[in-house]
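To start, the structure itself, in structure tokens.
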Amino acid sequence: MTLITGLDHVQIEAPADCESAARQFFGELLGLPELQKPALLAVRGRAWFGLPDGRQLHIGVTPDFQPRQKGHPALRCTDLGRVMTQLEGHGVPYRTDDDAGVPRLYLRDPWGNRLEIVEGQHAAPPVRRERP
């Protein structure tokens, strides 16, 4: 029986006063709509963004922030070429590969965190383990 039914949101860590850069990068550059946070959380600042499938991307402040070099969210798109054109137009460096069986690229957010953007979706079937 599966206990987990899906993914609700991913939180990316950022330094204090990150809201303006978050809105510019995730809102303007990547085109994600900013979401209104619940009143009790809105007083803390930060920013939340919506993904087309209903999931959310939260930007949260971490004291003594250090960018994530390995762990990262992977965002999905339908046209990686269009994403690359948008990134190039804004001078955002990235690197591409298809090692995982899908076209994808890696980039850094305004604070140096690693991000991945995948065209389509991975087709990895579940691992079947035999019971002893």
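Only the coordinates and a few stated rules stand behind these numbers; no lab work does. Only a predicted model underlies this, so the values are computations on that prediction, with no experimental measurement involved. Here the Cβ is made from the backbone with ideal geometry for all residues, glycine too, and neighbour counts use every protein chain on show.
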Looking at segment 23-34, I want the residues that are of a type outside the set (D, E, K, R) and have a partner that is in a helix (DSSP H, G or I) with Cβ atoms under 7 Å, at least 6 apart or on another chain. Which pairs are those? Leu29/Gln86; Leu32/Phe26
Please identify the pairs in which a residue from segment 78-94 that is part of a helix (DSSP H, G or I) has its Cβ atom under 6 Å from the Cβ atom of a residue that is aliphatic (A, V, I, L, M), counting only partners at least 6 apart or on another chain. Val83/Ile117
If we keep only residues of segment 1-24 that are of a type in the set (Asp, Glu) and more than 13 Å from the chain's Cα centre (by Cα), then the residue surrounded by the most Cβ atoms within 10 Å (Cβ to Cβ) is Glu19
The residue from His58, His72 that alone is part of a loop (DSSP other than H, G, I, E, B) and either hydroxyl-bearing (Ser, Thr, Tyr) or crowded, with 16+ Cβ neighbours inside 10 Å (or both) is His72
Filter segment 107-131 for residues that are free of Cβ contacts under 8 Å to residues at least 24 places away in the same chain and either in a strand (DSSP E or B) or touching a Lys or Arg at 6+ places or on another chain (Cβ under 8 Å) (or both) and give the result. Leu107
Cβ pairs under 6 Å, 6+ apart or interchain, first in segment 35-60 and under 30 Å from Gln121 (Cα atoms) and in contact (Cβ under 8 Å) with a residue 40 or more places away in the chain, second buried (at least 17 other Cβ atoms within 10 Å of the Cβ) and of a type in the set (Val, Ile, Thr), ordered by first then second residue, are Ile59/Ile12
Positions within segment 38-54 being crowded, with 16+ Cβ neighbours inside 10 Å and of a type in the set (Lys, Arg), in sequence order: Arg46
Among the residues of segment 12-33, write down those that are more than 18 Å from Cys77 (Cα to Cα) and either out of contact with any Leu (no Cβ under 8 Å at 6 or more places or on another chain) or among the small types (Gly, Ala, Ser) (or both). Glu13, Ala14, Pro15, Ala16, Asp17, Cys18, Glu19, Ser20, Ala21, Ala22, Arg23, Gln24
